[in-house]
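Beneath this line is the structure, given in structure tokens, with notes to follow.
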């Protein structure tokens with residue numbers, strides 16, 4: 001007998017095809033539809049062209065926001081794109097994934113004035129989409145310097161660094177561990193934030209400047225180590241992400257149905273057919289950051305009936321911004337705070353629930369209260385943070401100074417080795433934002449150029 | 001409740017809001033809609049002499065400039081006087097006036113500058129029962145090339161001559177509509193008075209090229225790649241109009257001559273300002289063409305509410321009240337000292353006051369205090385120019401505060417004098433005759 005649509009949707013356990021393909025298509029469209037020309041003009045009119053604008057200060061890449069918005073308002077969309085991209089070559093992706101509500105738009109004086117900031121993120125997307133659709137290239141390479149530089153990782157930090165290095169006339173080889181470029185832009189961000197294969201288009205747009213050779217399936221490890229890179233290149237930039245995932249730290253063997261949220265997110269981004277991705281009927285996501293929200297919302301969009309985010313502290317301490325929390329809530333995700341995982345319940349080798357302990361602050365310390373609650377769950381996601389990863393540590397710790405498990409850098413991205421720079425999530429100085437990784441990659445490229453020209 | 005009924009040189013209307021002679025008053029259909037909406041009167045779109053009707057362009061007639069959010073600030077037109085048959089217009093004027101006897105019906109006229117032409121048309125208009133006529137000496141485009149409109153309004157002698165012909169021929173009040181495209185508005189106004197005009201109305205539109213198409217380098221509105229200057233109107237011309245109204249209002253030779261104020265009136269507040277500067281009523285066009293006739297409701301309720309709040313019972317309590325306060329620069333009190341003050345609670349920290357003052361004025365506004373973004377007036381530098389008030393996006397955030405007499409002006413280091421003192425007696429004025 002063929003299962004009805006309702007039966008499919010409500011089947012217990014982890015199962016694929018809960019929703020029809022048409023429903024999935026609707027669910028995974030652009031979460032923020034782009035502005036059309038009229039909307040962009042109306043939105044741009046609201047910018048006050050502030051002096052020493054707070055939005056620029058709030059932007060990790062210091063994009064001249066009043067300038068690009070003014071350019072949009074006068075019909076010079078191309079000029080606007082150039083203004084953005086000269087500071088942030090990944091301005092297109094940042095326009096999609098930046099938590100603008102805690103960066104530029106929070107700083108916008110109209111947020112203070114009316115609680116309604118200028119739609120800076122959407123305006124940035126309007127300008128960069130326009131230029132990228134026409135493949136307008138704004139930057140030319142300076143005369144060849146004869147220097148070659150290794151960039152490890154083709155994510156936001158590595159790409160921003162590679163582009164700026166190529167601009168300065170260096171030859172760049174990018175060593176990417178995966179078979180595809182983009183890093184977290186390609187594997188780590190909810191599908192509804194970057195539709196239509198944008199991450200790959202952006203890589204093509206960036207590398208079109210020339211002088212950037214990306215080599216795939218080249219993880220740092222025994223075959224490719226830092227020593228070798230330093231021997232073969234004039235400088236090295238390390239821009240790999242975090243390869244490890246924090247464990248829940250629960251006793252006993254982990255049952256089937258427990259999974260890392262980052263793997264689920266990557267799987268969704270790479271899936272040709274989202275209907276083939278299995279998802280539970282009742283899901284618990286442990287964590288409180290963007291990854292938890294991206295995972296929970298997408299699980300819901302795949303057709304999970306109940307999705308609960310459990311966070312061990314108060315909701316106001318979650319790393320996910322209030323905006324992200326609201327996005328989760330409007331998609332029917334329940335956020336429960338002051339709960340920490342205690343024990344997974346198992347049935348026939350698969351997870352069937354999770355027992356959590358209520359928590360509270362006691363003398364500035366988070367402690368369990370002893371009171372327990374058990375939530376039914378046929379799938380549990382870990383989203384409690386990522387780590388540098390054992391492989392990275394083992395490969396690098398003998399040569400490089402680490403700090404809190406990540407690469408120690410100064411403001412310009414210099415490491416303890418004079419010919420090695422680093423930026424992005426693998427360093428101790430980031431905030432795990434795409435835009436910060438871009439700024440660090442760009443600034444390291446400037447520092448490398450300066451060092452090599454002495 | 002304030003009484004806003006209006007008597008303008010003997011023409012009565014329930015309120016002082018008339019529609020100006022323009023596209024909105026070209027035919028019975030529009031005018032009846034206007035009366036239903038509550039307009040106190042209309043000046044029917046300008047009639048020309050009998051014969052083959054006027055021909056208009058068949059391409060665009062209007063161009064515009066906009067402010068933020070595409071708010072229309074200025075409109076420019078190259079439309080001519082009515083292109084409908086004279087007798088059809090006259091018939092409709094008669095019908096509408098009969099149907100709406102309490103509303104003012106004034107008919108705008110423009111015929112060649114010959115006595116017979118004026119004397120022929122006036123009885124036809126009189127026969128409609130219209131309340132008055134308005135002589136269109138104002139339109140700067142098209143008809144002026146044929147010796148009419150602004151071509152007459154720019155020559156005071158012609159104004160006086162034609163006005164006299166009309167006054168000799170008709171019982172109807174004669175309103176002379178003036179063009180702003182002259183150097184001193186007092187001369188045409190005096191000429192109108194000398195010719196016996198019952199009133200003047202102003203301003204007509206300002207000669208203008210509204211914009212240039214940068215693809216084909218044609219002025220807008222573009223007719224097959226060419227453009228001609230048009231008549232500019234709308235909120236952008238209001239300051240020009242206010243000044244011209246005031247100039248006539250305070251000129252000894254034209255004092256007491258009724259003025260119908262025209263030029264960018266969009267809200268009750270605009271209208272009240274015209275009345276205060278001496279206009280006996282107002283005429284509106286662009287605002288109606290932008291938003292429709294309904295705007296008159298806000299004008300009526302706003303004017304009444306303001307008058308009630310201020311205790312003004314009738315329009316006469318308001319009309320001309322600001323005229324004595326319009327003076328020449330040389331009589332302004334140089335001992336009146338102000339400083340800008342920024343209300344830190346309403347400041348949104350956009351910094352526009354700072355950069356305007358820093359780049360273009362007197363370096364009198366901070367941008368930092370103890371390492372924090374903070375905008376505050378430096379009294380030692382502030383000349384009280386008001387630029388910061390004007391560029392601030394938040395209303396009433398920056399105010400100009402008077403430095404009281406006896407207090408030291410931090411900029412000059414001198415005590416503020418209580419006594420009125422102007423340029424005519426200032427020691428730096430070389431024309432001052434030293435007291436013997």
Using 0.36 nm per residue of separation minus the Cα-Cα distance, give me the extension gain between residue B:297 and residue B:400 in nm, one decimal. 33.7 nm
Between residue A:23 and residue B:290, Cβ-based FRET efficiency (R0 45 Å, step 0.05) works out to 0.50
What Kirkwood radius, in Å to one decimal, follows from the Cα pairs of chain B? 24.0
Multiply the residue gap between residue B:267 and residue B:84 by 0.36 nm, knock off their C-alpha separation, and tell me the result in nm, one decimal place. 62.8 nm
Fewest-first sequence of A:425, A:204, A:45 by Cβ atoms within 10 Å of each Cβ: A:204, A:45, A:425
Take the Cβ-Cβ distance between residue A:38 and residue A:276 as r, set R0 to 41 Å, and report the resulting FRET efficiency rounded to the nearest 0.05. 0.55
Share of alpha-carbon pairs per 5 Å distance bin for the stretch A:311-405, given as whole %: 3, 10, 15, 15, 16, 15, 12, 9, 4, 1
For residue A:361, project a label point 7 Å along Cα to C-beta. Then give me every residue of the stretch A:315-354 with its amide nitrogen under 19 Å of that point. A:315-322, A:336-340
Nearest 10, in degrees from 0 to 90: the angle of helix B:238-249 to the longest Cα principal axis of chain B is 80
Provide a whole-number value for the mean count of partner chain Cβ atoms within 10 Å of the Cβ atoms in peptide B:349-359. 4
Residues of A:40-49, mean number of Cβ from any other protein chain within 10 Å of their own Cβ, rounded to a whole number? 3
Identify the residues of the stretch B:27-52 with backbone N under 16 Å of a label point that sits 7 angstrom from the Cα of residue B:316 along the Cα-to-Cβ direction, or state none. none
Which angle between 0 and 90 degrees, to the nearest 10, do you get for helix B:28-37 versus the longest principal axis of chain B when only C-alpha atoms count? 40
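Suppose we look only past 19 Å in the calculated P(r) of the stretch B:252-408. What percent of the Cα-Cα pairs does that tail hold?
68
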As an exercise, take the mean of 1/r over every pair of distinct alpha carbons in chain A, invert it, and state the Kirkwood radius in angstroms. 23.3
Across the stretch A:45-133, how large is the tail of the calculated P(r) beyond 17 Å, expressed as a percent of all Cα pairs? 38
Helix-only mean residue ellipticity at 222 nm, chain A, DSSP H runs n ≥ 4 weighted -39,500 (n - 2.57), per residue, nearest 500. What is it? -10500 deg cm²/dmol
P(r) tail fraction, the stretch B:109-215 - alpha-carbon pairs more than 18 Å apart, %: 45
Between the Cα axis of helix B:295-310 and the main Cα principal axis of chain B, the angle (0 to 90°, nearest 10) is 50
Divide the volume of the convex hull of the Cα atoms of the protein assembly as shown by its number of residues and quote the answer in cubic angstrom per residue. 275
So for B:240, B:78, B:209, fewest C-beta neighbours within 10 Å to most, what's the order? B:209, B:240, B:78
Only Cα pairs under 8 Å and at least 6 apart count here; give the relative contact order of chain A as a rounded whole percent. 18
Would you mind calculating the gained length between residue A:247 and residue A:330 on full extension (0.36 nm times residue separation, minus the Cα-Cα distance), in nm to one decimal? 27.0 nm
Just grab the label-to-label distance for residue A:403 and residue B:253, each label 7 Å out from Cα along the Cβ direction, in nm (one decimal). 8.3
For every helix of n ≥ 4 consecutive DSSP H residues, a contribution of -39,500 (n - 2.57) applies; sum these over chain B, divide by its total residues, and give [θ] at 222 nm rounded to the nearest 500 deg cm²/dmol. -8000 deg cm²/dmol
Using a Förster distance of 51 angstrom, determine the FRET efficiency expected from the C-beta separation of residue A:345 and residue A:418, and round it to 0.05. 0.40
Counting other beta carbons within 10 Å of each Cβ, put B:39, B:100 in order, fewest first. B:100, B:39
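Only the coordinates and a few stated rules stand behind these numbers; no lab work does. Note that the structure is predicted; figures quoted are calculated from it, not measured. A quick note on method: Cβ atoms are made from the backbone with ideal geometry, for glycine too, and the neighbour counts reach across all protein chains shown.
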